[in-house]
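Structure, as structure tokens:
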Amino acid sequence: MQTLLDRGADGDWAEAEAAIERLAAAPADEGLVIREIWLLRLQALLAGTHGDGGAYAHLRDRYRELAKTLGFIDD
């Protein structure tokens, strides 16, 4: 999906957005945090691509906090 967002050709953003929405709507096992962290990252990238700085910052911060909580990144 990041490739679609980076390329930005006709229909790429819509295709990426549809894929992210499908991921968000798909049933998932409770406690599957890797799905949640990927979803936050992709939603942040999409918001940034659309120029929505407020949504991007909010999603980015949620992504970072979850990554810290899970031990993926240090403070």
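The values are calculated or read from the model by the stated rules, or taken from the named source; none is laboratory data. This structure is a prediction, so every number in the text was calculated from the model and none was measured. Cβ: placed from backbone, ideal geometry, glycine included. Neighbour counts: every protein chain shown.
This table checks each residue for (1) at pLDDT 85 or above; (2) polar (S, T, N, Q); (3) surrounded by 13 or more Cβ atoms within 10 Å (Cβ to Cβ); (4) touching a Phe, Trp or Tyr at 6+ places or on another chain (Cβ under 7 Å).
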{"residue": "Gln43", "(1), (2), (3), (4)": "yes, yes, yes, no"}
{"residue": "Asp52", "(1), (2), (3), (4)": "yes, no, yes, no"}
{"residue": "Ala57", "(1), (2), (3), (4)": "yes, no, yes, no"}
{"residue": "Asp61", "(1), (2), (3), (4)": "yes, no, no, no"}
{"residue": "Ala67", "(1), (2), (3), (4)": "yes, no, yes, no"}
{"residue": "Asp74", "(1), (2), (3), (4)": "no, no, no, no"}
Candidate set: region 1-30, residues that are free of Cβ contacts under 8 Å to residues at least 24 places away in the same chain, among the hydrophobic types (A, V, I, L, M, F, W, C) and closer than 15 Å to Leu45 by Cβ; chosen: the one surrounded by the fewest Cβ atoms within 10 Å (Cβ to Cβ): Ala14
